[in-house]
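As structure tokens, the structure follows; a few thoughts come after it.
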Amino acid sequence: MVLRKYETADCGELARLFYETVHTINAADYTKEQLDAWASENVDMEEWDRLFREHDSVIAVEGGTITGFGDMDRDGYLDRLYVHKDYQRKGIATAICDRLERAVQGKIVTHASVTAKPFFEKRGYRVMRKQQVFRRGTALINFVMEKEK
């Protein structure tokens, strides 16, 4: 596996990975309606590209396939962390997080899904609060989690 910086040409593949991963991996913890609200097939590609370019964005690649991605803003907010549905449990999320966390001094915050919460707990993140968020009018549960460095 190789970790590299985000490039604008990656955006379409990241949107597909996001959609497929959420609709496959998170299906055990969320309803079909919630999955559709969270990850629609219509990602705002210009907005995603802008945010990936503004954030510290890391792409994992294996054999020419993007297997995962993550991004963190300048304030230590870990915005997105997704691993391809066919590459789960191979250390990809750990490698991406390790890289992103090294660049931050102080507190790191993320909003973790029900599915991702155990991963972040193993990394030393603490649940600050459970919250209900709305995406496209549909309620979803996630957890505000923090890690002190």
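A few remarks follow.
- Single residue of segment 38-74 satisfying the filter (within 21 Å of Val114 (Cα to Cα) and aromatic (Phe, Trp, Tyr)) that is surrounded by the most Cβ atoms within 10 Å (Cβ to Cβ): Phe69
- Selected residue (only one of Tyr82, Tyr87, Tyr77 is surrounded by fewer than 19 Cβ atoms within 10 Å (Cβ to Cβ) and at pLDDT 95 or above): Tyr77
- Meets criteria (loosely packed, with under 13 Cβ neighbours inside 10 Å and on the phi > 0 side of the Ramachandran plot) for Arg136: yes
- If you go through segment 76-103 and keep only what is of a type in the set (D, E, K, R), closer than 18 Å to Phe18 by Cβ and in a helix (DSSP H, G or I), you end up with Lys85, Asp86.
- Whichever residue in segment 24-37 is touching a residue at least 12 places away in the same chain (Cβ under 8 Å) and of a type in the set (A, V, I, L, M) and, among such residues, is surrounded by the fewest Cβ atoms within 10 Å (Cβ to Cβ): Ala28
- Considering segment 38-68, the residues that are assigned to a helix (DSSP H, G or I) and in contact (Cβ under 8 Å) with a residue 24 or more places away in the chain include one that is nearest to Leu140 (Cα to Cα), namely Trp38.
- Scope segment 94-145; condition in contact (Cβ under 8 Å) with a residue 40 or more places away in the chain, under 18 Å from Asp29 (Cα atoms) and touching a helix residue (DSSP H, G or I) at 6+ places or on another chain (Cβ under 7 Å); matching residues: Ser113, Thr115, Arg135, Thr138, Leu140
- Note on segment 100-122: among residues that are surrounded by 16 or more Cβ atoms within 10 Å (Cβ to Cβ) and among the charged types (D, E, K, R), the one that is nearest to Val61 (Cα to Cα) is Glu101.
- Cβ-Cβ contacts under 6 Å between residues 6 or more apart (or on different chains), taken from a first residue in segment 1-23 that is in contact (Cβ under 8 Å) with a residue 24 or more places away in the chain to a second residue that is of a type in the set (Val, Ile, Thr), are listed as Val2/Val61; Leu3/Val58; Arg4/Ile59; Tyr6/Ile59; Asp10/Ile59; Glu13/Ile66; Ala15/Val43.
- Residue within segment 53-68 that is modelled with pLDDT of 95 or more, among the hydroxyl-bearing types (Ser, Thr, Tyr) and in contact with a helix residue (DSSP H, G or I) (Cβ under 7 Å, 6 or more places away or on another chain) present: yes
The values are calculated or read from the model by the stated rules, or taken from the named source; none is laboratory data. On a predicted model such as this, the values are computed, not experimentally measured, just so you know. A quick note on method: Cβ atoms are made from the backbone with ideal geometry, for glycine too, and the neighbour counts reach across all protein chains shown.
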